[in-house]
1. Leaving out ligands, DNA and RNA, what percent of the accessible area of chain A is carbon and sulfur, probe 1.4 Å?
2. Please report, in debye to the nearest 20, how large the charge dipole of region A:457-527 is about its Cα centre when each Lys and Arg carries +1 at its beta carbon and each Asp and Glu carries -1 there.
3. Name the long-range amide H neighbours of residue A:145: under 5 Å, sequence gap of 5 or more, or other chain; modelled H, no Pro or chain starts.
4. Under the classification rounded if a/c is under 1.5, otherwise prolate if a/b is larger than b/c and oblate if not, where does chain B fall, given a ≥ b ≥ c as square roots of the Cα gyration tensor eigenvalues?
5. Going highest first, how would you order A:161-173, A:570-582 by mean Cβ packing within 10 Å?
6. Between region B:24-73 and region A:539-573, how many Å separate their Cα centres?
7. In Å², rounded to the nearest 100, what is the total accessible surface buried by chains A and B against each other with a 1.4 Å probe?
8. How high is the relative contact order of chain A, in percent, with contacts defined as C-alpha pairs under 8 Å that are six or more residues apart?
Amino acid sequence: MDDSLKIGIYLCTCGGEVEQAVDAGLLAKEASGWPGVTVIHKDASLCSTDGIRKIRGDVEKLGLDRVVIAACSPFFKVEEFSGLGINKYLVGRVNLREQCSRVHRNNPEHATKKAKTMLRGSLEMARHSQPLQPLQLPALKSALVLGGGVAGINASIDIAETGHEVFLIEKSPFLGGRVAGLHRYFPRMCPPSCGLELMFSKLKDNPAIHILTSSEIDSISGPPGNFEIMVRTCPRHIDAERCVLCGKCLEVCPQNAVIYPEGPSFPNAPAINRKLCIEGCDKCAGACPVHAIALDEEEKVSNSKAGALILATGWEPFDPTPLAELGYGRLENVVTGLEFEKIAGKHGAFLRGLKRIAFIQCVGSRDERHLSYCSGVCCMVSIKQAILLKEMEQDTEVYIFYNDIRTPGEYEDLYRKARQAGVIFVKGIPSELKPGDANKINFSVFDTVAGERLELSADLVVLATGMRPSSGIAELGGKIGIALNKNSFVESHLQCYPQDTRRAAVFSAGCCKAPMDVSRSIESAGAAAVKALQFLTGGIEVVPDHSAVNTLKCDVCKRCIEECPFKAYALDEKGFPKADILKCRRCGICMGGCPLAAVSLGELSIVQLSEMIDVFDRSYLDEDEPVILGFLCRNDAYRAADDAGLRGIQYPPNFLGIMVPCAGAVNGAIVAKAISTGIDGILIAGCPDSQCHYIQGSALAKTRLDDISNKLREMYLEPERVRFVAVSRDEPEKFARAVTEYVSELKLLGRNPLRL
Amino acid sequence: MPPYVVKDKCDGCKGKEEPLCEQICIGDLMTLDPGTGKAYCRSLRDCWDCMSCTKICPKGAIEQRIPYQLGYHGAKLIPMIGTDSITWTCVDINGKVERFTYRTRNKR
């Protein structure tokens, strides 16, 4: 290695905090003899203006090539220590405070020895670090929105109003989605036509929005920021500009092939489904008074380019036919909530004539056989419909049969309003609906609150069915390469990255990611639009710290391609795997999995880890004391270890912690090297499986450690020398306990026979 | 004596087309069984006992049966590959264990 590098070591005592256990003076003295160390400076507060000025001055005057700062956790003072006049990737951090002095307070002698070992390791890490400069990549200034419901429309408007081009693709001939079929929406109880018309006028007025109805995605190619999308568009056969909505085409059509808009729609003209037409029939074209019909239009395939994608493919209602006992499709006056909206919109008089109407909640919902989840909107939908009925005709008896009423936040007001209006809520679900006299429906229900059985007959029964994702999402997901969750909604890390999918620059909005009501849909559309805009505005700035394959070592086994949770890998023109800089999320799972240790991240390379392990003193505490190397995942375990420091939870100083992006980033060769050069135990701490930010990192780390463990057994070594622990962000006690237990177990095993 | 693939451990090198043992074998003897997706040696008598496949297998799924000239039944040679080191565990027919760690030039 290049020994001519000039390295500055800066020790911070954090106002005496570090010196409570670590002898910083001794540390400075020892470190002065290490290779390449040009300057050592001890300070009470490095992060102060004076401290930073001192480092900056040294970098400038002495021409330092690397800087190592031994102070607090690398998660603190990030801003301060990145402006030192040296590329921030050449600055090493040693966590002297949270992971050494504060956790070994009762053992200053050993704490100092550990601090020395940590510092020596970080020096080696810094020596092998590479400077990284951010790259500017071009991103197209356009977005493609899939789905023309409220979520899609709102996302399109939000993006277009910032001056970016938008392609809005809708499968059906009209925009508006499910909301166009509603009579009223809650909580303000206004008609959706009002909101939709406002949205449509914004769409119409904005030249940056290109609307493609009756269209579907054929294929998607290209990297994030530069997607190329083939869109297949079925012809409408009716010129929306000329059409006057006279309805003559609908009257003359013998085949019912004219699709007429039902609610407020855009474009405001019918479409003709040519698949239903009789060969040679052109009655509609003859009947049209404005000559708007062109039956010879052909299917078109167009090519759009977009920097980002937003999925807003929406939902479809659960079909209650399989629930035979409820008689849907068999009994005339049993309808779904969505059908009720249509009746309420067009046949108000019919509803006014009814004496008793029953709503049945949770139809198919929260039922493992159908929809295992709660859609979260059906309660409000039925309450809204019940209030509307009461407002139409005070004397109508309205029953709502429920399991639990879920009306969070402001919606509780409407629940209360419904009760005051005289809607009768019964906790209990009717078991079977039977036909009665005069189209009435008879049923019995056990009221679990009153503890009695009710025998009732109703004129109309409304089934509150849940929401399921659109049926096309599986195929579309396959084309784009995103993952779906167990309920087939678009998967995302709900808390940390709710709008992100598993593909970079592909975002999700509205009901395709989870069941939601109109207001939440619009909210999520805005959020997705902001996320997409981040990608589109001002190009994409990325640091090339993504994983890179060393082609001199790579054997093209393609394990990285298989194991990457984000499908960032593809073979390049020379036939080697290459991670797309934009798709890569820097988890390092490829680095951990490569059988030849040929993959490294920009920030943390195999060489760095290997060199660092080399310089660790195997007997830094004592001949009989075990040395444990810990690989701590950046998102959880490392932070839990920091918390242990902040709270002063003590554990033995036999443990040396190294931060890795994910538990899955630890390569078996690193572990093998550490064991075979005398480290007594390897502890990998990652998130519990369900919390892994990189989906499968922890699970992969476990299986890889199992392989090593088996190998150790074959070698007649103790398989316990490698271990995985799941530590959550908020479990510093568990972390400290795991370390303490491991140290005492290793003491019982005795020293690693491979230690020299 | 030929390599022996532990079927439970072998994952066919997830990429499938050509596993690492197939790539590295100088005699082109190792290959994937299309039926099981696991590796096997297609011509046992042609193996030269170089142990390249044993060393490269990322799952540690290949065991070497030591030829009788070197050690009789019960003798074992187990490699463990680090980033720039290799550790050999040698077990003789009496169960005596010896380990040797060497530096390699694999680092970069």
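The values are calculated or read from the model by the stated rules, or taken from the named source; none is laboratory data. Predicted model, so just to flag it, every value in this text is computed and none were measured. Glycine gets a Cβ as well: all are built from the backbone with ideal geometry, and neighbour counts include every protein chain shown. Heads up: the accessible areas ignore ligands, DNA and RNA and are worked out on the full protein's heavy atoms, side chains in. Shrake-Rupley method; radii C 1.70, N 1.55, O 1.52, S 1.80 Å.
1. Values: 15570 of 31230 Å².
Percent of accessible area from carbon and sulfur atoms in chain A: 50.
2. Working: 7 positive and 6 negative charges, 60 e Å.
That gives region A:457-527 a dipole magnitude of about 300 debye.
3. Those qualifying (amide H under 5 Å, at least 5 residues apart or on another chain) are A:167, A:168, A:169, A:310.
4. Details: a/c = 1.92, a/b = 1.27, b/c = 1.51.
The shape class here is oblate.
5. Numbers: A:161-173: 20.7, A:570-582: 15.7.
Highest mean packing first, the order is A:161-173, A:570-582.
6. If you average the Cα positions of each part, the centres end up 29 Å apart.
7. Numbers: alone 32710 and 7760 Å², together 37470 Å².
Using a 1.4 Å probe on protein heavy atoms, the buried area is about 3000 Å².
8. Working: 1604 pairs, mean separation 91.4, N = 756.
Once divided by the residue count of chain A, the mean separation gives 12 percent.
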